[in-house]
Structure formats: C-alpha cells, structure tokens
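Here is the structure we will look at, set down as structure tokens.
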Amino acid sequence: MRIFLDANILFSAARSDGAERRLLEDLRQAGHQCVADGYVTGEARRNLEIKCPSALSSLSRILEHVDACRHVAPAASHKQIQSLPEKDRPVLAAAIHLGCQAMVTGGKMHFGALYGLTIGGVTIHSPQSLAEGLLGIR
C-alpha cells in the first residue's frame, strides 16, 4: 500500500526514536511504500531547523526510505479538501495526486474530522488508527 506521510509525522519520527519512527519502520518492513512530496518534507525540515536542528540528520536518514517526490501537487477540488485550512490543502491533494491509498497525520486539529474517511481514494488515518488497522498493532 502507498501511504502518504504528513509533515508532522516526519517531524516526530526525526525528533525522537518514538512511536512515529517505529511506525515508519514497521510499515517499511511490512512492504508498504511511504510517500511524501516537497511540500511536507520542506515543512518538516523548516520546523526541525527552528525547533530541533540536531534532528535534521535523522530526517535525512528517514527520507532515504521514503518515496519523496519533488513537486507539490496541484490543489484538488474535493469538497473536504476545501474545508481544510489553506496550508493543509496541498497535503491531502498530494496524497490523492500521487495515488496513495492512505494518508497518516497527527494533525488532529485540522484533519481529525476526516480520520477514517476516504477522499479521492485516500483514507485518512491517525498514527494509531493506521498502526491498528494496517499492522494490527495496538
């Protein structure tokens, strides 16, 4: 399965050897393809530069195992995308554009109402729901 990673997942996985990093490792070991685009990798990198510059090398190592596309996807016209804050619209649009079946985000404030919904072929997950549903991890 192709799984799009939001910037907050990349940030958290780079910042500490915690649940998000283990989730990415488990997904890869299970044969899933993690995907990101320039928009989310750039956001993760900028936030790490400000908040935790020592984690930038961890982000680089993580991205070695992520199918990172350089371009930012055009905005999609799905009603649910238009309901998101403008800065979050390109995230879901990229997941759709890149043919992902799932998107994982810890952005509960903006994406929480969409958790469990499938939009444009992409089911939106929290890290926990993805781990439980796809890997059987509780």
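The values are calculated or read from the model by the stated rules, or taken from the named source; none is laboratory data. Everything quoted here is computed from the prediction, not taken from an experiment. In this analysis, Cβ positions are derived from the backbone assuming ideal geometry, glycine residues included, and neighbour counts consider all displayed protein chains.
Kindly indicate which of 49, 43, 132 is closer than 19 Å to residue 24 by Cα, free of Cβ contacts under 8 Å to residues at least 40 places away in the same chain and either in contact with a helix residue (DSSP H, G or I) (Cβ under 8 Å, 6 or more places away or on another chain) or not acidic (Asp, Glu) (or both).
Details: 49 fails: closer than 19 Å to residue 24 by Cα; 132 fails: either in contact with a helix residue (DSSP H, G or I) (Cβ under 8 Å, 6 or more places away or on another chain) or not acidic (Asp, Glu) (or both).
Testing whether each residue is closer than 19 Å to residue 24 by Cα, free of Cβ contacts under 8 Å to residues at least 40 places away in the same chain and either in contact with a helix residue (DSSP H, G or I) (Cβ under 8 Å, 6 or more places away or on another chain) or not acidic (Asp, Glu) (or both) leaves just 43.
When residue 70 is tested against the conditions (1) free of Cβ contacts under 8 Å to residues at least 12 places away in the same chain; (2) surrounded by fewer than 15 Cβ atoms within 10 Å (Cβ to Cβ), the lone failure is (1).
Output the residues belonging to the stretch 3-37 that are farther than 15 Å from residue 105 by Cβ and of a type outside the set (Gly, Ala, Ser). Walk me through how you get there before you give the answer.
Pass one, the stretch 3-37, residues farther than 15 Å from residue 105 by Cβ: 14-18, 21-22, 25-26, 28-33.
Residues satisfying the conditions are 15, 17, 21, 22, 25, 26, 28, 29, 32, 33.
Which of (1) at pLDDT 95 or above; (2) among the aliphatic types (A, V, I, L, M); (3) farther than 13 Å from residue 4 by Cα is the odd one out, the single condition residue 122 does not satisfy? Here residue 122 meets the rest and fails (3).
Out of (1) buried (at least 19 other Cβ atoms within 10 Å of the Cβ); (2) on the phi > 0 side of the Ramachandran plot; (3) not basic (Lys, Arg), the odd one out for residue 90 is which? Here residue 90 clears every test but (2). Applying a threshold of 6 Å to beta carbon distances and a minimum spacing of six or more residues, or different chains, the list of pairs starting in the stretch 80-92 at a residue that is without any contact (Cβ under 8 Å) to a residue 24 or more places away in the chain and ending at one that is part of a helix (DSSP H, G or I) reads 88/110; 89/81. Have a look at 106, 99 and point out the one that is in contact (Cβ under 8 Å) with a residue 40 or more places away in the chain and within 17 Å of residue 18 (Cα to Cα). Selected residue: 106, the only one of 106, 99 that is in contact (Cβ under 8 Å) with a residue 40 or more places away in the chain and within 17 Å of residue 18 (Cα to Cα). Screening the stretch 1-44 for residues that are in contact with a strand residue (DSSP E or B) (Cβ under 9 Å, 6 or more places away or on another chain) and among the basic types (Lys, Arg) and picking the one that is surrounded by the most Cβ atoms within 10 Å (Cβ to Cβ) gives 2.
Condition check: in contact (Cβ under 8 Å) with a residue 40 or more places away in the chain, over 15 Å from residue 111 (Cβ atoms) and either touching a Lys or Arg at 6+ places or on another chain (Cβ under 7 Å) or of a type in the set (S, T, N, Q) (or both). Does residue 58 satisfy that? Yes, satisfied. Only one of 61, 28, 89 is basic (Lys, Arg) and over 18 Å from residue 11 (Cα atoms); which? Only one candidate qualifies: 89.
In the stretch 77-87, the qualifying residues are those that are of a type outside the set (D, E, K, R) and surrounded by fewer than 19 Cβ atoms within 10 Å (Cβ to Cβ), and the one that is modelled with the lowest pLDDT is 77.
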